[in-house]
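For reference, the structure discussed in these notes is given below.
The values are calculated or read from the model by the stated rules, or taken from the named source; none is laboratory data. This one's a predicted model, so the numbers in the text were calculated from it and none came from an experiment. Every residue, glycine as well, gets a Cβ built from its backbone with ideal geometry; the counts of neighbours run over all protein chains shown.
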Amino acid sequence: MNIRFTLPLLCALLCQYTSLSAQLQWREVMPGVWKGTAGTPEKVTLLNIAAAKPDSAALGKLPSARFPLDRNDISVKLADGKVYLRFPLEKNEQLFGLGLNFKTVNQRGRVSQLHVDHYGGKDDGRTHAPVPLYISSRGYGVLVDAARYITVYAGTAVRTDTKNPPVLHDRNGNKQWESQPYSDAVEMLVPAAGAEVYIFAGPTAMNAVQRYNLFNGGGYLPPKWGLGFTQRVPTLYSQQDIVREAKEFEGHNFPLDFIGVEPGWHSMAYPCTFEWDPNRFPDPKGFIINLANMGVKANLWLNPYVSPKSSLYAPLKSLSGSHTVWNGLVADFTLPEAKALFREHFLKNHIALGVSGYKMDENDGYDKWLWPDVATFPSGTSAEQMRQIYGIAMQQMTDEWFREQNRRTYGLVRASNAGASRFPYVIYNDYYSHPDFITALVNSSFIGVLWTPEVRASKSAEEWVRRMQSVCFSPMAMLNAWADGTKPWSFPEVETAVQEVAMLRMQLLPYLYSTFAQYRFEGKPPFRSMNLIDGFAFTPQVNGGKLDATLNPYEAKTRSELKDQYMMGDNMIVAPFFAGDSSRKVYLPKGKWYDFYTGELAGEDGVITVKARLDRIPLFIRDGGLIPMIPPRRQAPKPGEVLPLEVRVYGSAPGDFLLYDDDGNTFDFERGQFTRVLLKAANGKGSMEKPAAGKPFGYGPKVKWTFMTAQAK
């Protein structure tokens with residue numbers, strides 16, 4: 001057979017089997033943010049689906065910074081239809097991020113394949129938010145914007161041509177031998193013909209996180225009611241059952257701002273109709289009005305798979321994938337026509353009735369029931385890409401619906417990825433380890449997502465109150481009773497302790513709301529790893545390494561990490577207790593730190609031991625820290641409400657706090673309808689700036705100043 005090769009065809013064939021090495025050409029696209037392009041990036045990427053617009057003004061306010069790496073030490077190779085990336089690492093550099101991890105904070109020395117999935121109990125890259133971003137302790141971040149299963153070798157592999165070869169040790173007689181030699185690089189394998197790479201400068205790790213969040217439009221500012229307490233009711237509750245439950249919260253004087261309506265509201269669920277069941281919910285609009293009259297909003301559960309019983313099924317069939325999930329269609333959300341059908345249906349049947357938001361379940365994983373990687377979609381988007389972007393696509397379109405109504409929403413999602421910081425969703429899952437939940441909360445601060453350590457059940461009253469304390473110091477204070485109908489007062493012996501911590505959260509709303517405003521306008525995560533804090537000097541300890549023929553044949557060592565405490569805002573350390581703890585260690589950064597409850601000096605620049613009290617979660621405030629508070633109340637402040645303000649002052653150093661307020665419900669704040677006033681305290685005196693006239697401000701002019709440290713004396 002005679003085959004004639006044209007020059008383009010010959011080049012195409014050769015490129016399949018040869019590799020091309022090159023340097024990335026970097027372009028500063030925003031202040032402190034550089035972009036490089038490797039090969040030919042795909043049309044569907046994480047940031048394209050998130051559709052965020054950088055906040056250039058806020059980015060311009062961050063400290064100026066140069067390109068943080070040696071460009072000559074960054075390499076890219078294109079081979080076999082894949083992108084091979086390599087970034088340099090210094091000797092003592094630590095790496096954070098690379099997805100929502102539950103057991104580890106420092107990711108150096110780990111191999112991960114970043115893959116949207118349920119969390120399977122180990123940090124291997126399969127997780128709810130496998131964001132391909134790492135933050136360095138040296139003060140920079142690297143993001144690979146590709147909607148693919150990216151494999152990351154985070155300082156694990158050693159090249160033969162390395163500039164920094166590890167020391168050679170003879171294991172036969174040298175105790176310095178280690179199973180994992182020093183590696184001076186992060187290497188990534190992207191299974192695509194191209195990818196866009198972003199580098200976020202510091203100079204600090206916090207600055208790098210801020211740049212990432214602001215590049216994606218800033219963090220989300222929830223409505224005030226979203227920061228109150230929420231109860232998710234049992235699956236088959238009717239509208240009468242739910243109203244009765246809301247009245248029980250009134251009777252127990254327990255906070256409740258919004259209530260989660262689980263699958264039984266659908267006429268069919270798994271897959272879903274997205275239409276009200278006429279028996280359990282004969283009057284959806286009346287039900288929502290009834291709740292609203294009690295000051296409670298309704299949040300609807302759903303999964304995205306369209307039931308054959310739904311009116312959406314027929315028009316969506318040609319706009320959906322080749323495979324079903326639970327016999328339901330998987331809509332192709334990269335198609336505008338599919339999104340438009342969902343929008344019309346959801347606006348008419350939910351949002352127009354007053355529904356406040358959604359819990360978007362089951363869009364993360366379990367390979368055995370989710371669409372397989374052999375599935376096809378009408379847009380040409382691959383099944384792998386669809387797996388990586390489905391959660392952010394759902395967040396983007398639902399957020400858009402509420403923005404059209406000028407109403408803020410706040411809800412839950414199971415899957416997320418890069419570009420999600422501006423979305424009104426908090427991640428949750430079916431895993432249920434209390435300590436690991438706190439580690440996930442710590443890790444969420446590196447990757448621009450929010451996470452809730454929700455409460456579902458407990459084996460004892462002690463565990464119940466400990467879990468409730470943690471959830472009240474998280475982005476969403478939630479009791480998820482969908483399976484067994486538990487209530488905050490299910491353990492009567494600790495009902496008072498649980499009520500007190502829930503009320504404390506409500507008292508702290510001025511502080512918490514101002515902290516979320518920082519997230520929106522400055523990119524600072526509201527709940528922060530200690531590794532992001534100025535004055536951080538924690539020294540990890542080397543553990544383990546004892547030879548064991550079966551359990552540890554290579555004498556691998558581990559390093560301790562600070563993964564069980566975190567900052568809430570600028571001034572407060574939160575250090576939860578877990579069931580069975582009689583005491584715990586708390587690390588305090590540089591400077592003096594004071595007990596939140598008493599004002600007494602707790603310590604400075606070191607590790608302290610705290611004894612457990614069942615009725616308190618340990619909280620510590622920095623020297624000069626101001627904590628604005630309101631009186632205890634069951635529900636978040638309503639628009640136009642004016643409340644008395646107490647400001648607690650800790651320590652002897654002069655301090656200030658930027659108190660933020662707006663109407664708490666709309667996006668008018670993005671058009672300048674908000675108030676910021678400076679609170680200042682020094683030498684036993686406090687002052688508050690006079691708020692500008694004509695803009696929302698929900699606090700009275702007479703402030704109660706409480707100098708906690710003076711009281712402790």
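From the list VAL642, VAL649, pick out the single residue that is in contact (Cβ under 8 Å) with a residue 24 or more places away in the chain and surrounded by fewer than 20 Cβ atoms within 10 Å (Cβ to Cβ).
VAL642
Say whether the condition of being farther than 30 Å from TRP401 by Cα, part of a strand (DSSP E or B) and of a type outside the set (A, V, I, L, M) is met by at least one residue in region 658-679. Spell out the reasoning first.
Just the residues of region 658-679 that are farther than 30 Å from TRP401 by Cα, to begin with: 658, 677-679.
If we keep only those that are part of a strand (DSSP E or B) too, we end up with 658, 677-679.
Next cut, of a type outside the set (A, V, I, L, M) only: none.
No; the residues of region 658-679 include none that is farther than 30 Å from TRP401 by Cα, part of a strand (DSSP E or B) and of a type outside the set (A, V, I, L, M).
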Subset of region 329-364, residues part of a loop (DSSP other than H, G, I, E, B) and among the hydrophobic types (A, V, I, L, M, F, W, C), comes to VAL330, PHE333, LEU335, VAL355
Can you tell me which of (1) surrounded by fewer than 16 Cβ atoms within 10 Å (Cβ to Cβ); (2) farther than 26 Å from ASP623 by Cα; (3) touching a residue at least 12 places away in the same chain (Cβ under 8 Å); (4) over 27 Å from the mean Cα position of the chain (by Cα) is the one ALA682 doesn't meet?
(2)
When region 367-398 is examined, which residues are found to be surrounded by fewer than 21 Cβ atoms within 10 Å (Cβ to Cβ) and under 21 Å from the mean Cα position of the chain (by Cα)?
GLN396, MET397
Given the criteria assigned to a loop (DSSP other than H, G, I, E, B), surrounded by fewer than 18 Cβ atoms within 10 Å (Cβ to Cβ) and either modelled with pLDDT under 95 or touching a Ser or Thr at 6+ places or on another chain (Cβ under 9 Å) (or both), does ASP605 qualify?
no
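Name the residue, out of ARG108, ARG159, that is basic (Lys, Arg), part of a loop (DSSP other than H, G, I, E, B) and touching a strand residue (DSSP E or B) at 6+ places or on another chain (Cβ under 6 Å).
Working: ARG159 fails: touching a strand residue (DSSP E or B) at 6+ places or on another chain (Cβ under 6 Å).
Just a single option satisfies the conditions, and that option is ARG108.
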Filter the helices (runs of 4 or more DSSP H) completely within region 199-302 down to those with at least 3 residues that are out of contact with any helix residue (DSSP H, G or I) (no Cβ under 7 Å at 6 or more places or on another chain) and either of a type in the set (Asp, Glu) or without any contact (Cβ under 8 Å) to a residue 24 or more places away in the chain (or both).
239-251
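Take the conditions touching a residue at least 60 places away in the same chain (Cβ under 8 Å) and under 22 Å from ASP257 (Cβ atoms) and apply them to ARG633. Does it pass? Spell out the reasoning first.
On the way: touching a residue at least 60 places away in the same chain (Cβ under 8 Å): yes; under 22 Å from ASP257 (Cβ atoms): yes.
Yes.
Among the residues that make up region 132-142, is at least one of them hydrophobic (A, V, I, L, M, F, W, C), assigned by TED's automatic domain parsing to the domain that holds GLN180 and in contact with a Gly (Cβ under 6 Å, 6 or more places away or on another chain)? Don't jump to the end; show me each part of the working.
Of region 132-142, the ones hydrophobic (A, V, I, L, M, F, W, C) are 133, 135, 142.
If we keep only those that are assigned by TED's automatic domain parsing to the domain that holds GLN180 too, we end up with 133, 135, 142.
Of the ones still in play, those that are also in contact with a Gly (Cβ under 6 Å, 6 or more places away or on another chain) are 133, 135.
Yes, because at least one residue in region 132-142 is hydrophobic (A, V, I, L, M, F, W, C), assigned by TED's automatic domain parsing to the domain that holds GLN180 and in contact with a Gly (Cβ under 6 Å, 6 or more places away or on another chain).
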Please indicate, with yes or no, whether at least one residue in region 480-492 is in a helix (DSSP H, G or I), surrounded by fewer than 24 Cβ atoms within 10 Å (Cβ to Cβ) and modelled with pLDDT of 95 or more.
yes
In region 365-393, residue nearest to GLY99 (Cα to Cα) [restricted to those that are assigned to a helix (DSSP H, G or I) and touching a helix residue (DSSP H, G or I) at 6+ places or on another chain (Cβ under 8 Å)]:
GLN388
Selection from region 303-330 of residues that are touching a residue at least 24 places away in the same chain (Cβ under 8 Å), of a type in the set (A, V, I, L, M, F, W, C) and on the phi < 0 side of the Ramachandran plot
VAL306, LEU312, LEU316, LEU319, VAL325, LEU329, VAL330
Kindly indicate whether LYS61 is at pLDDT 95 or above, more than 14 Å from SER136 (Cα to Cα) and in contact with a helix residue (DSSP H, G or I) (Cβ under 9 Å, 6 or more places away or on another chain).
yes
Options GLY260, GLY264, GLY295, GLY251; residue that is over 29 Å from the mean Cα position of the chain (by Cα) and small (Gly, Ala, Ser):
GLY251
Which condition breaks for THR496 when tested against (1) of a type in the set (Ser, Thr, Tyr); (2) closer than 30 Å to ASN216 by Cβ; (3) not in a loop (DSSP other than H, G, I, E, B)?
(2)
Name, by its number, the condition in (1) assigned to a loop (DSSP other than H, G, I, E, B); (2) touching a residue at least 40 places away in the same chain (Cβ under 8 Å); (3) more than 23 Å from ALA50 (Cα to Cα) that does not hold for GLY419.
(3)
